[in-house]
1. Measuring from a point 7 Å past the Cα of Glu179 along Cα-to-C-beta, which residues in segment 204-223 have an amide N at less than 20 Å?
2. Using a cut-off of 16 Å between alpha-carbon atoms, which aspartates and glutamates can reach Lys262, once sequence neighbours fewer than 8 places away in the same chain are excluded?
3. In whole angstrom, note down how far apart the Cα centers of segment 159-216 and segment 1-47 are.
4. Estimate the FRET efficiency between Ser163 and Asn132 by the formula 1/(1 + (r/R0)^6), using the beta-carbon distance for r and 30 Å for R0, to the nearest 0.05.
5. Over the chain, what lengths in whole Å, largest first, do the semi-axes of the equivalent ellipsoid take, defined as the square roots of 5 times the eigenvalues of the alpha-carbon gyration tensor?
6. Which entries in Lys103/Lys149; Lys103/Lys359; Lys67/Lys274; Lys103/Lys166; Lys199/Lys359; Lys306/Lys338 show an alpha-carbon gap greater than 25 Å?
7. How big is segment 1-116 by Rg and Dmax over its Cα atoms, in Å?
8. Cut-off 17 Å, label point 7 angstrom out along Cα-to-Cβ of Asp296: give me the residues of segment 340-358 whose amide nitrogen falls inside.
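Throughout, read-outs are computed from the coordinates displayed, never taken from laboratory work. What you see is a predicted model, and the numbers here were worked out from it, not measured in a lab. So basically every Cβ, Gly included, is an ideal-geometry build from the backbone, and we count neighbours across all protein chains shown.
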Amino acid sequence: MKNTALTHIHEQLGAKLVPFAGYNMPVSYEGVNAEHETVRKGVGVFDVSHMGEFIIEGPNALALIQKVTSNDASKLVDGQAQYSCLPNDTGGIVDDLIVYRLKEDQWLLVVNASNIEKDWNWIESHNSMGANMKNLSEGYSLLAIQGPKAIEAMQSLTSEDLSAIKFYTFKVSDFAGIEHVIISATGYTGSGGFEIYCKNSEVEQVWKKVMEAGADFGIKPIGLAARDTLRLEMGYCLYGNDITDTTSPFEAGLGWITKFTKDFVNSEALKKEKEHGPERRLIAFELDERGIPRQDYDIVDGNGNKIGIVTSGTMSPSLGIGIGLGYVPPVFRDPGSKIYIQIRKNAVPATVVKLPFYKG
């Protein structure tokens with residue numbers, strides 16, 4: 001197992017550490033519900049340094065990004081970020097990622113920890129235009145400072161006006177006494193905040209200053225368990241659960257990041273799928289009775305026939321009910337549709353709902 005540059009601090013804080021994507025990662029400190037509430041109502045900080053960072057640069061950098069990603073990166077200007085995915089050759093998704101335009105000829109791609117090697121090899125295999133690629137994943141750390149109090153709590157650490165950094169934009173600026181830090185108004189929680197990219201050698205100083213600056217605002221360290229409940233309440237897809245090598249962007253409701261203003265990997269086949277409509281759709285559901293839906297539970301119809309499978313599920317800390325995502329035939333996709341989740345011997349009734357679950 002690899003450690004992040006902050007693993008020793010998580011151990012000192014009494015975190016429960018678990019193996020995740022090849023790293024020792026803090027899954028919880030004081031418990032998922034308390035940590036979830038900290039982020040929804042105040043401010044919390046996640047160590048997500050296991051994520052991968054690639055630099056693509058040179059005159060052909062954009063051409064490579066346009067070829068391998070589904071979204072249209074040509075629309076970005078310096079300081080903007082974009083959610084996108086890497087389609088594969090067979091209709092599925094290699095990974096989802098965030099594309100940052102640092103400069104006209106320099107881009108940062110942030111990918112999922114479990115897919116770093118797979119993504120690197122995939123992008124490299126399409127680099128016929130000779131863009132310069134650098135894998136910075138081992139040398140960089142990432143902190144996610146999330147929650148409605150994040151701006152107020154962190155303002156003293158930077159000369160940038162944090163309130164002026166709009167959603168999915170970023171600044172390269174000073175932060176916590178370190179120069180040239182990426183301060184990005186992105187995150188995976190739906191409660192606002194920032195993601196801070198810095199070098200491994202700098203992150204301990206950043207962590208300590210973040211905790212000091214946030215002390216008066218009740219800042220706490222948050223583990224991966226709460227990261228999962230927070231993202232699920234927003235309906236954000238998790239790679240390996242809700243999107244995989246065998247799910248298409250249109251099945252997953254990611255048509256909005258699939259732009260046919262350009263040619264990209266498998267774009268012709270995806271264009272046909274859009275015209276015909278996918279054969280299944282990712283839906284969100286709430287249980288009508290008590291119960292907790294879990295990944296891989298069967299979704300059945302009123303007659304007990306299997307119609308799909310749960311891809312993510314939990315007891316929502318904010319709503320106090322069982323919520324989940326899963327794939328079903330399009331006939332069941334409309335909000336208000338009735339389905340059943342097979343929880344052991346019981347077919348528990350559930351209702352298809354519109355995302356997000358948590359309205360804030």
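1. 204-207
2. Asp72
3. If you average the Cα positions of each part, the centres end up 18 Å apart.
4. Working: r = 35 Å, r/R0 = 1.18.
After rounding to 0.05, the efficiency reads 0.25.
5. With the √(5λ) rule applied to the chain, the semi-axes are 32, 28, 17 Å.
6. Listed pairs above 25 Å: Lys103/Lys149; Lys103/Lys359; Lys199/Lys359.
7. When restricted to the Cα atoms of segment 1-116, Rg and Dmax are 17.4, 49 Å.
8. Only 342-345 pass the distance filter.
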